[in-house]
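No value in this document is a laboratory result; all are computed from the given coordinates. Bear in mind the structure is a predicted one, so any value in this text is a computation, not a measurement. With ideal geometry, Cβ positions are generated from the backbone for all residues, glycine too; neighbour counts draw on all protein chains shown.
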Amino acid sequence: MSTFEILMPKMGESVEEATITKWFISEGDTVQEDDVLLEIATDKVDSEIPSPVAGTIKEIKYQVDDVVAVGLPVAVILLEGAEDTEEASTSAPEEKGAAAKAELPVVESVAGSDSINKNSDRFYSPLVRSIAKQEGISISELEQVAGSGKDGRVTKNDIQQYLENRGEAVVEKPVEKVAVKSTPVAPAPKEHKVNVSVSANDEIVEMGRMRKLIADHMVMSKQVSPHVTSVVEADVTNIVLWRNKVKDAYQNKYGQKITYMPVFTEAIAKALRDFPGVNASVDGDRIILRKDVNVGMAVALPSGDLIVPVIKHADQKNLVGLTGDINRLANLARENKLSPDDIQGGTFTVTNFGSFKNIIGTPIINQPQVAILATGSIEKKPAVIETPTGDVIGIRHKMFLSLSYDHRVVDGALGGGFLRRIADYLEDFDINRDI
């Protein structure tokens with residue numbers, strides 16, 4: 001028979017698995033191309049997955065709330081015109097089915113790893129089971145790995161950390177036995193839980209799924225990266241005066257509202273090109289210098305949660321292009337209509353504390369990036385102004401910029417220099433700039 005496998009898609013650079021939150025179809029249902037099959041959730045975004053082909057749902061491999069590794073088949077579709085018979089299964093697949101399946105990435109089967117869950121009272125995700133099988137980790141050994149996930153679940157990071165610090169042992173592999181060099185085993189991170197008393201007047205509100213994911217991501221970032229924060233104050237008087245002068249004409253010409261964020265993003269993108277060590281990620285002992293400059297923009301949702309859409313190739317866009325991207329992504333975020341591509345590939349993040357009239361903040365790095373910038377509110381302040389005839393006191397528009405960076409790879413000279421460069425670009429803004 002000619003069938004098509006629906007694979008769990010890759011929803012982001014650092015996303016290795018996703019949770020199935022809803023099925024819109026059942027086995028035996030007929031679907032058309034682009035019909036929505038299922039909804040999945042990651043720590044980045046919720047997404048509906050459409051069918052790339054028309055046919056009949058032959059098999060659903062996972063249920064709601066199952067965690068599935070990227071690349072594994074989640075459903076099988078019997079293509080239109082194909083017969084679900086033994087004779088059809090032995091015949092050559094139709095060209096449409098063969099071509100369609102060839103376009104999708106194929107991952108190595110992890111058949112046999114299901115026995116791990118069958119022989120254990122503990123749940124292991126497909127990704128963890130796959131790693132365990134590849135590394136020759138037995139069920140009894142896997143049971144000893146401390147889990148930092150929900151309900152003690154072993155995550156990808158847990159098993160990778162275990163492998164890096166594996167004690168003196170003999171690893172059983174399919175063909176040969178390999179002795180592992182003895183190294184001290186680092187203690188697994190402890191999950192600290194504070195006992196909280198609840199009175200009769202208190203209200204208990206359960207965290208939503210996105211809030212739990214944000215909480216886990218923030219804790220992980222603080223555990224992984226030693227955070228350092230530097231602060232500068234920038235004189236943005238020219239930017240404020242320019243915006244006040246052109247905002248009406250700008251909206252009439254481009255149909256877009258001009259805010260300060262496009263100007264900030266332009267300065268950030270220029271500085272990232274000047275300091276490529278900040279446009280980076282850390283992978284073990286390796287530093288990955290990103291070729292693209294993709295600036296993530298933290299957006300507060302009406303629910304109170306946070307999401308970070310990404311402005312791709314920000315260094316290659318002018319102010320008009322940046323304005324269009326920022327307004328579009330912000331609106332999609334607030335309407336919960338961001339696509340998976342809208343939140344992928346960020347190399348640096350900016351968060352605007354000033355939108356809440358906060359003057360300064362110390363944000364947490366958005367992993368796997370190595371730095372994040374917080375912009376404070378713009379305030380009028382008395383300041384000393386140097387003139388050819390001497391110093392005078394004048395009213396200037398000033399703001400604080402605070403940069404949190406990963407001290408594993410970004411030292412004070414690099415982080416401080418980068419932050420100062422952003423401030424310099426803002427202060428040197430041409431007040432006579434054309435729109």
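Within the range 304-327, whose backbone N sits under 14 Å from a point 7 Å along Cα→Cβ of Lys247?
Backbone N within reach: none found.
Whose amide H sits under 5 Å from the amide H of Arg396, counting only residues 5 or more places off or on another chain, with H placed in the peptide plane?
HN-HN under 5 Å from Arg396: Lys381, Ala383.
Take the alpha-carbon centre of the range 383-403, take the same for the range 205-254, and report the distance between them in whole Å.
So the two Cα centres are separated by 24 Å.
Once you keep just the Cα pairs under 8 angstrom separated by 6 or more residues, what percentage relative contact order results for the range 255-372? Write out the running numbers ahead of the final one.
Details: 183 pairs, mean separation 34.7, N = 118.
RCO, the range 255-372: 29 percent.
May I ask you to compute the full-extension gain from Ser26 to Arg433, defined as 0.36 nm times their residue separation minus their alpha-carbon distance, rounded to one decimal in nm? All intermediate terms of the calculation are to be shown ahead of the outcome.
Working: separation 407, 0.36 × 407 = 146.52 nm, distance 5.87 nm.
Extra length available between Ser26 and Arg433 comes to 140.6 nm.
Return the FRET efficiency for the residue pair Asn358, Val64: r is the Cβ-Cβ distance, R0 is 41 Å, and the value is rounded to the nearest 0.05. Write down the numbers at each step before the final one.
Details: r = 40 Å, r/R0 = 0.97.
Working from the Cβ atoms, E equals 0.55.
Over 18 Å between Cα atoms, which of Lys270/Lys312; Lys247/Lys381; Lys22/Lys156 qualify?
On the way: Lys270/Lys312 14 Å; Lys247/Lys381 23 Å; Lys22/Lys156 24 Å.
Distance filter (> 18 Å) returns Lys247/Lys381; Lys22/Lys156.
How much length is gained on full extension from Asn195 to Lys337, taking 0.36 nm per residue of separation minus their Cα-Cα distance?
Details: separation 142, 0.36 × 142 = 51.12 nm, distance 3.80 nm.
Extra length from Asn195 to Lys337 when fully extended: 47.3 nm.
Quick check on the exposure proxy: order Thr389, Thr42 from fewest to most C-beta atoms within 10 angstrom. Provide the component values of the computation, followed by the final result.
Details: Thr389 6, Thr42 20.
Neighbour counts put them in this order, fewest first: Thr389, Thr42.
Calculate, in nm to one decimal, what Gln223 and Val392 gain on full extension: separation in residues at 0.36 nm each, minus their alpha carbon distance. Intermediate results must be reported in sequence, preceding the final value.
On the way: separation 169, 0.36 × 169 = 60.84 nm, distance 4.78 nm.
Result for the pair: 56.1 nm of gain on full extension.
Could you please rank Asp434, Asp216, Asp342, Asp46, placing first whichever residue has the fewest other Cβ atoms within 10 Å of its Cβ? Provide the component values of the computation, followed by the final result.
Details: Asp434 6, Asp216 15, Asp342 21, Asp46 18.
Ordered from fewest to most neighbouring Cβ atoms within 10 Å, Asp434, Asp216, Asp342, Asp46 come out as Asp434, Asp216, Asp46, Asp342.
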